[in-house]
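Remarks on the structure that follows.
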Amino acid sequence: MPLRLLKYAMSREHPAPRFFRACETPKKSYDAVIIGGGGHGLAAAYYLARDHGITNVAVLERGYIGGGNTGRNTTIVRSNYLTPEGVNFYNASVKLFEDLSHDLDLNLFYSTRGHFTLAHTESAMRTMRWRAEVNKHVGVESYVVGPDEISKACPQLDISCSGQAPILGALYHAPGSVARHDAVAWGYARGADHMGVEIFQSTEVTGIDVQGGKVKGVQTNRGYISTNKVLSAVAGFTPRVCKMVDVQTPIIIQPLQACVSEPMKPWLDTILVSGSLHVYVSQSSRGELVMGSSLDPYEVHSTRSSLDFVEGLTTHILDMFPFLSNVKVVRQWAGMADITPDFAPIMGKTPVEGFYLDAGWGTWGFKATPISGKTMAETIANDRAPDLINSFRLSRFEEYELTGEKGAASVGH
Amino acid sequence: MKLLKCPMNGVRPLSEFVFGGEVREMPDPNTCSDKEWATYVHHRNGAPGMKKEWWYHGPSGTWFIAERNTMTDEVARTYLYGQEDKQ
């Protein structure tokens, strides 16, 4: 590395290395087209090429890669879910994340911090015990701890929460981590690009050509592309894409907001979540506190952020950490979350042959990036969803076999 | 602060209201198929556009209809259920 840097000191030219080719004109046809150049879509492209040898793939991104919910989440990775199906799935994702910097040859700043879900009421404690038992049963390291252990891990936390909502205990989840979210998208993009996948930015899909119940191609602002397989991995745009193929889903869109504080010296080395106070907070490698809250309370297809959100969130942050009263919020933003009734994703095949769905990622999508890419690649390659994602199939709603994960959502939505 | 007009109480801050989802016609459970019923129970029209929605004004306990563009978050009009024509 130092020698490579030295070379630039001697040279008058300092070209930035490109992560992937700047593709502009799509070919007439591809073996598979992926709509959405976020973490999920790019990961699917990467595993299609790496594990299944399908490299004649186009990824179409309306804006720029990683600019949607991949770049708008609060970067938390965890697997302390409520259903065994959910815990197994997210645990497989954590395992992939742990080796991902190595796989992609890119430092993702993956940092295992431990994760506390604070409980302020007896009923919340009951859910924590339930989740701990399910997690242990599946082999995931989660257990219930008392206030003393929480204070030891985070001495700055006011355990009484200003006397408003005293903390009774927490679900501790050892593998809880944070990572650089945009690096995940860029790493997958580079890996996929090296194997031949073509990534088109500023490329919007305007229609999907379905004939006789089968996908034949997609219409884009760069022309028509014929293909038999289309993956929709578009987060908050899922209802719009599904409308193009006339596939019904339960998904509605609600904004989810987040914000960061000004940078501080490192003081918070765990991830803290409080369902009752509607808060999750961790400190990034830049020193900023990354803070999120619950969903905005009604349907809007917009990424506008609001003052109400920052006021509400920071009030609760001050209940937990009164000493932060002089710290400033420097940035806030919103993403469009596609919410399902059971708080589990919708993955796999659809009634339209060749149209695959990776959707319903609501507020829990980033942590699933590697495993969703891997399982969706398998689904596309074999035209059959692997068992790991069977509980997330679209047809579960018609069959009344929901996968209830609301109790494991980071905050009570 | 966002505002919404309650047909009974006039313009009030949005924090006083609760969103009740899109107005949807219930199929007759005695005659519809299982698939139609499951579609009614679970599936939603999630695509953006002008929609008729249920809203609830908490302090006065009033349910009413708002016609709102879910893309721009602009409310065209609000009225009590069944009183659409009187507005």
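Within segment A:231-238, is even one residue aromatic (F, W, Y) and within 14 Å of chain B (Cβ to nearest Cβ)? It would help to see each step written out before you state the result.
Within segment A:231-238, the subset aromatic (F, W, Y) is A:237.
Narrowing further to those that are within 14 Å of chain B (Cβ to nearest Cβ): A:237.
Within segment A:231-238, one or more residues are aromatic (F, W, Y) and within 14 Å of chain B (Cβ to nearest Cβ).
Every residue in segment B:55-68 that is in a loop (DSSP other than H, G, I, E, B), more than 14 Å from chain A (Cβ to nearest Cβ) and in contact with a strand residue (DSSP E or B) (Cβ under 9 Å, 6 or more places away or on another chain), please. Explain how you work it out, then say what you get.
Filtering segment B:55-68 down to residues in a loop (DSSP other than H, G, I, E, B) leaves B:58-61.
The next check asks that each one be more than 14 Å from chain A (Cβ to nearest Cβ); those that pass are B:59-61.
Listed by number, the residues that qualify are B:P59, B:S60.
Can you tell me which residues in segment A:248-264 are surrounded by 20 or more Cβ atoms within 10 Å (Cβ to Cβ), of a type in the set (A, V, I, L, M, F, W, C) and in a loop (DSSP other than H, G, I, E, B)?
Correct list: A:I251 only.
Of all the residues that make up segment A:265-302, how many are part of a strand (DSSP E or B), within 14 Å of chain B (Cβ to nearest Cβ) and in contact with a strand residue (DSSP E or B) (Cβ under 7 Å, 6 or more places away or on another chain)?
1
Let me confirm something: among A:T127, A:T117, A:T55, which residue is in contact (Cβ under 8 Å) with a residue 40 or more places away in the chain, of a type in the set (S, T, Y) and crowded, with 22+ Cβ neighbours inside 10 Å?
Checking each option against the conditions leaves just A:T117.
Criterion first (surrounded by fewer than 15 Cβ atoms within 10 Å (Cβ to Cβ), closer than 23 Å to B:K2 by Cα and at pLDDT below 95) does B:Q87 satisfy it?
Values: surrounded by fewer than 15 Cβ atoms within 10 Å (Cβ to Cβ): yes; closer than 23 Å to B:K2 by Cα: yes; at pLDDT below 95: yes.
Considered against the rule, which asks whether it is surrounded by fewer than 15 Cβ atoms within 10 Å (Cβ to Cβ), closer than 23 Å to B:K2 by Cα and at pLDDT below 95, B:Q87 comes out as yes.
When residues of segment A:316-372 are filtered for being of a type in the set (V, I, T), part of a strand (DSSP E or B) and closer than 30 Å to A:K216 by Cβ, how many remain?
Going residue by residue through segment A:316-372, those that are of a type in the set (V, I, T) are A:317, A:327, A:329-330, A:339-340, A:346, A:350, A:352, A:363, A:369, A:371.
Narrowing the set further to residues that are part of a strand (DSSP E or B) leaves A:329-330, A:339, A:346.
Next, only the ones that are closer than 30 Å to A:K216 by Cβ stay: A:346.
Within segment A:316-372, residues that are of a type in the set (V, I, T), part of a strand (DSSP E or B) and closer than 30 Å to A:K216 by Cβ number 1.
Hey, could you check segment B:6-43 for residues that are under 13 Å from the mean Cα position of the chain (by Cα) and among the charged types (D, E, K, R) and say which is nearest to the other protein chains (Cβ to nearest Cβ)?
B:E22
Give the residue, chosen from A:Y172, A:Y143, that is crowded, with 20+ Cβ neighbours inside 10 Å and outside any helix (DSSP H, G or I). Break it down into steps so the answer makes sense when it comes.
Working: A:Y143 fails: crowded, with 20+ Cβ neighbours inside 10 Å.
The unique qualifying residue is A:Y172.
How many residues, within segment A:303-319, are in contact (Cβ under 8 Å) with a residue 12 or more places away in the chain and within 10 Å of chain B (Cβ to nearest Cβ)?
Of segment A:303-319, the ones in contact (Cβ under 8 Å) with a residue 12 or more places away in the chain are A:303-306, A:309-310, A:312-314, A:316-319.
Applying the additional criterion that residues be within 10 Å of chain B (Cβ to nearest Cβ) yields A:304, A:306, A:312.
The total comes to 3.
With respect to the numbered conditions (1) out of contact with any helix residue (DSSP H, G or I) (no Cβ under 9 Å at 6 or more places or on another chain); (2) modelled with pLDDT of 95 or more; (3) hydrophobic (A, V, I, L, M, F, W, C), which one is the sole condition not fulfilled by A:A409?
Failed condition: (2).
Given the conditions (1) facing chain A (nearest Cβ under 10 Å); (2) not in a loop (DSSP other than H, G, I, E, B), report the number of the one that B:K52 does not fulfil.
Checking B:K52 against (1) facing chain A (nearest Cβ under 10 Å); (2) not in a loop (DSSP other than H, G, I, E, B), the one that fails is (1).
The values are calculated or read from the model by the stated rules, or taken from the named source; none is laboratory data. Keep in mind it's a predicted model, so treat the numbers as computed, not measured. Positions of Cβ are generated from backbone atoms using ideal geometry, with glycine treated the same way; all protein chains shown enter the neighbour counts.
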